[in-house]
Amino acid sequence: MIETGLKNKVVIVTGGAAGIGLATARRFALEGCRVASWDVKDGEAQPGGGIFQKVDVTSAASVEAAVEEVAARLGVVYVLVNNAGILRDGQLVKYKDGVLAGVMSDEQFDAVIGVNLKGVFTCTRAVVPRMIEGGGGVILNASSVVGLYGNFGQTNYVATKAGVIGMTKVWARELGKYQIRVNAVAPGFIATEMVKQMPEKILQGMLGHTPLGRMGQPEDIANAYAWLASDQASFITGTVLSVDGGVVTGT
């Protein structure tokens, strides 16, 4: 068996109540990690001494309090998975029959920026000092293929996922001297409950962009996070790992 170096490590997973976050929390628990799962919704603690905390990643006070509790109950944080994210889709401007029919509102834009981008900043800022004191760690950020390619009707979401890539590269430069590795994962079309509820026509369109001809599973992303956090990826930092079935645009 290949040693991953993750046993007994403390891991925080944001957005851990469902979907990719839940799969990721479970995957790290299987590695023998002590997992703190965060979400604004109700969720479940993972086995092996894990805990679940209600945390609003847009609130510095909420995040700081949660980090304090993790340190007190589980120990020094080694891995932070910034997975929490929301959607508030809409076109920048929408015309119908030559008349302006709608715009993306400030509320739509600000809500997504707050969770998907500022939330990553807030959580990382709170955890990094403890990682430094502990001698190192791993930060893993959720980007998306749309952060690389763009996507219709997602000005706000794409801005956050492209921004996450930028922050990943900055932090890899800043934090490497403290033995903290920082990477991003860019999922393609993943079969979460939210995605499964989309109209069949849209789902088929997603598959048409994916050479492997299927959607990914949340576990595919969880496995990527676990590998990037492991000793097997000890010389990888500042990179974006696409886990997307070979997704391409314009097909």
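Read-outs throughout are calculated quantities, based only on the coordinates presented, and are distinct from any laboratory measurement. Computed from a predicted structure; not experimentally measured. Methodologically, a virtual Cβ is constructed for each residue, glycine included, from the backbone with ideal geometry; neighbour enumeration extends over all protein chains shown.
Backbone N atoms of the range 145-172 closer than 19 Å to the 7 Å Cα→Cβ label point of L212 belong to residues 145-149. Which aspartates and glutamates have a Cα less than 20 Å from the Cα of K94, not counting those fewer than 8 places away in the same chain? Correct list for K94: D106, E107, D110. Springs between Cα atoms under 10 Å define the GNM used for the chain, and in it the highest mean-square fluctuation of T160, T122, T24 occurs at T122.
Using only helices, what value at 222 nm comes out for the chain when you add -39,500 (n - 2.57) per DSSP H run of length 4 or more and divide by the total residues, to the nearest 500 deg cm²/dmol? Dividing the helical sum by the residues of the chain leaves -12000 deg cm²/dmol. Other residues lying with their Cβ under 14 Å from the Cβ of L175 contribute a combined charge of +4, Lys and Arg counting +1, Asp and Glu -1. Note on I86, I202, I12: ascending count of other Cβ atoms within 10 Å places them as I202, I86, I12, the fewest first.
The simple Förster model, with R0 at 25 Å and r as the Cβ-Cβ distance, assigns E107 and I202 a FRET efficiency of 0.55.
Relative contact order for the chain using alpha-carbon pairs under 8 Å, separation at least 6, rounded to a whole percent? The partial results should precede the final answer.
On the way: 519 pairs, mean separation 48.7, N = 251.
The value is 19 percent.
Between S234 and K7, 0.36 nm times their residue separation minus their Cα-Cα distance comes to what? Kindly include the intermediate steps, with their values, before the conclusion.
Working: separation 227, 0.36 × 227 = 81.72 nm, distance 1.54 nm.
Length difference between fully extended and current span is 80.2 nm.
Reported to the nearest whole Å, the Cα centre-to-centre distance from the range 75-124 to the range 172-251 is 18. Within a straight-line Cα-Cα reach of under 22 Å, K177 can be paired with the following lysines, leaving aside sequence neighbours fewer than 8 residues apart in one chain: K9, K169.
Panel order for I2, I139, I190, by other beta carbons found within 10 Å of each beta carbon, from fewest to most: I2, I190, I139. Mind running the shape call on the range 10-242? Use the C-alpha gyration tensor, a ≥ b ≥ c as the square roots of the eigenvalues: rounded below 1.5 for a/c, prolate if a/b tops b/c, oblate otherwise. Prolate, since a/c reaches 1.5 and a/b exceeds b/c.
Ordering L87, L92 from the fewest to the most neighbouring beta carbons within 10 Å gives L92, L87.
Restricting to Cα pairs below 8 Å that are 6+ residues apart, what does the relative contact order work out to for the range 160-251? Please round to a whole percent. Don't skip to the answer; put the middle values down first.
Working: 112 pairs, mean separation 38.3, N = 92.
For the range 160-251, the relative contact order is 42 percent.
Note on K54: lysines with a C-alpha under 19 Å away, same-chain residues under 8 apart excluded, are K41, K118.
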